[in-house]
Amino acid sequence: MIMGTLVTRIKPLETSVKARVKNFKRWICSTTKPINLQFSNITHFYIHWESNCHSGPFTAKVESEKQFINVNVLSEELEGGFTHYFFYVPQALLQSDSILSISDQSEKVIQKQTFDITRAETFRVGFIADNQFIYSKFYKICRLLSSKKPNVIIHGGDSIQDYWKMHQWSTDYYSPILHASKDLFKIPWAMVLGNHEATSSFVPPYHHENRWYSFSQRNAYFIVLDSNRQSDKRQYEWFIQEISSITFKKATFRVVIVHIPPFIEYWEPEAWNRGESEWNRILREKYVPLFVKSRVDIVLSGHQHNYQRGKRNGVTYFIAGGAGGDLDTQKVHDWNMYEKTLLDHHFLILDIYANKLTITTYDINNRIVDEVKIEK
């Protein structure tokens, strides 16, 4: 959401300054954003990082005990002399013992990263959204989230406030996560496009090329939608194909993630009356009936900066936009469906078992404020 409050941002030294070597006319080449592993679609991971200089070409080698793969690394130059490096790799190749090595032309290894890819039957997912603006709040949420040891993290959108200001990815997103726990980047992330880090025509470089996609973990199937493109016929047709697939139908638990919730109750009254009440209309009119028809279990959203949980026509809706942004406290509508509301910062933990899904909500002081169990 758009904020009118001026907030002072902390700019960590290592993310905003380049060091010059004495007697040399060049910058020290260093990694300015860590290697990050993201779900790209049902079969592949998107792996990427950033450097303060352009070098290469690089080769990525992903190896485990039984197999390995070499992949050419792609790159794109960003503003300020930074370079974004990225490649895609099949999910099946990454195991709990997988090691990623990045080598230059001389085959010298310049970076190494191990990943924590669990194959255990019990699976834990962390969910956060809308962390923009308040560094200290997001840092604390990440510290608590790391202590729960999730296997996957879903970010429900609005990682930053202003999509055209690329430095905010350092100050408002990567820096608080890294300072909270570097282990958080050893596990896969699923990124959702919000209305602040993307538009209907722009996708940030730190997000893969798919605006909407799906991924599967254990007995749960996750579908990620782009609420910036609610009216896009391609997304709608793709979603129908997804919910018609055998994999989706066989999944014990079915989860949809979309930044803007179908049913909003808290917002800025002036903005709401100015037309922002219509931002989710297409989602509510076209997609919600399909959620019900396809027997989606839960819908996870952010956008509204507080916590709500309610059930409507068999689908449980969670609004969890409380990872750091200024809170929404003014009620603008009543859908008569929400059973729990919390006007505080928070995060979710989803524990997926063979026949049970537990969703636990923690506030910023690590107190359990809500818990829901769905059994099959």
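The values are calculated or read from the model by the stated rules, or taken from the named source; none is laboratory data. Owing to the predicted nature of the structure, the values given are computational and were not obtained by experimental measurement. Neighbour counts run over all protein chains shown; Cβ positions are idealised from the backbone, glycine included.
Check V296, V372, V288 and return the single one that is in contact with a Pro (Cβ under 6 Å, 6 or more places away or on another chain) and among the aliphatic types (A, V, I, L, M).
Exactly one of V296, V372, V288 is in contact with a Pro (Cβ under 6 Å, 6 or more places away or on another chain) and among the aliphatic types (A, V, I, L, M), namely V288.
Considering Q95, Q105, which residue is surrounded by 13 or more Cβ atoms within 10 Å (Cβ to Cβ) and touching a residue at least 24 places away in the same chain (Cβ under 8 Å)?
Q95
Per-residue answers, yes or no, for (1) more than 20 Å from A323 (Cα to Cα); (2) touching a residue at least 40 places away in the same chain (Cβ under 8 Å); (3) touching a Leu at 6+ places or on another chain (Cβ under 8 Å):
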position: F239; (1), (2), (3): yes, yes, yes
position: I257; (1), (2), (3): no, yes, yes
position: P262; (1), (2), (3): no, yes, yes
position: W267; (1), (2), (3): no, yes, no
position: A271; (1), (2), (3): yes, yes, no
position: W279; (1), (2), (3): yes, yes, no
position: R284; (1), (2), (3): yes, no, no
position: L300; (1), (2), (3): no, yes, yes
position: H305; (1), (2), (3): no, yes, yes
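Suppose the filter is closer than 12 Å to E265 by Cα and assigned by TED's automatic domain parsing to the domain that holds I154; does T358 pass it?
Considered against the rule, which asks whether it is closer than 12 Å to E265 by Cα and assigned by TED's automatic domain parsing to the domain that holds I154, T358 comes out as no.
Out of the range 146-171, which residues are crowded, with 24+ Cβ neighbours inside 10 Å, in contact with a Phe, Trp or Tyr (Cβ under 9 Å, 6 or more places away or on another chain) and either charged (D, E, K, R) or not in a loop (DSSP other than H, G, I, E, B) (or both)?
Once the filter is applied, which keeps residues that are crowded, with 24+ Cβ neighbours inside 10 Å, in contact with a Phe, Trp or Tyr (Cβ under 9 Å, 6 or more places away or on another chain) and either charged (D, E, K, R) or not in a loop (DSSP other than H, G, I, E, B) (or both), the range 146-171 yields I154, H155.
Would you please list the contacts, defined by Cβ atoms under 9 Å and residues six or more apart or on different chains, that run from a residue in the range 357-376 that is in contact (Cβ under 8 Å) with a residue 24 or more places away in the chain to a residue that is part of a loop (DSSP other than H, G, I, E, B) and of a type in the set (K, R)?
L357/K376; Y362/K148
When the range 189-207 is examined, which residues are found to be more than 19 Å from R254 (Cβ to Cβ) and touching a His at 6+ places or on another chain (Cβ under 8 Å)?
Within the range 189-207, W189, M191, L193, G194, N195, E197, A198, P205, Y206 meet the criteria.
Surrounded by fewer than 20 Cβ atoms within 10 Å (Cβ to Cβ) and in a strand (DSSP E or B): is that true of S216 in this structure?
Yes, satisfied.
Suppose we keep only residues that are in a strand (DSSP E or B) and in contact (Cβ under 8 Å) with a residue 60 or more places away in the chain within the range 322-340. Which one would you say is nearest to the chain's Cα centre (by Cα)?
The selected residue is Y338.
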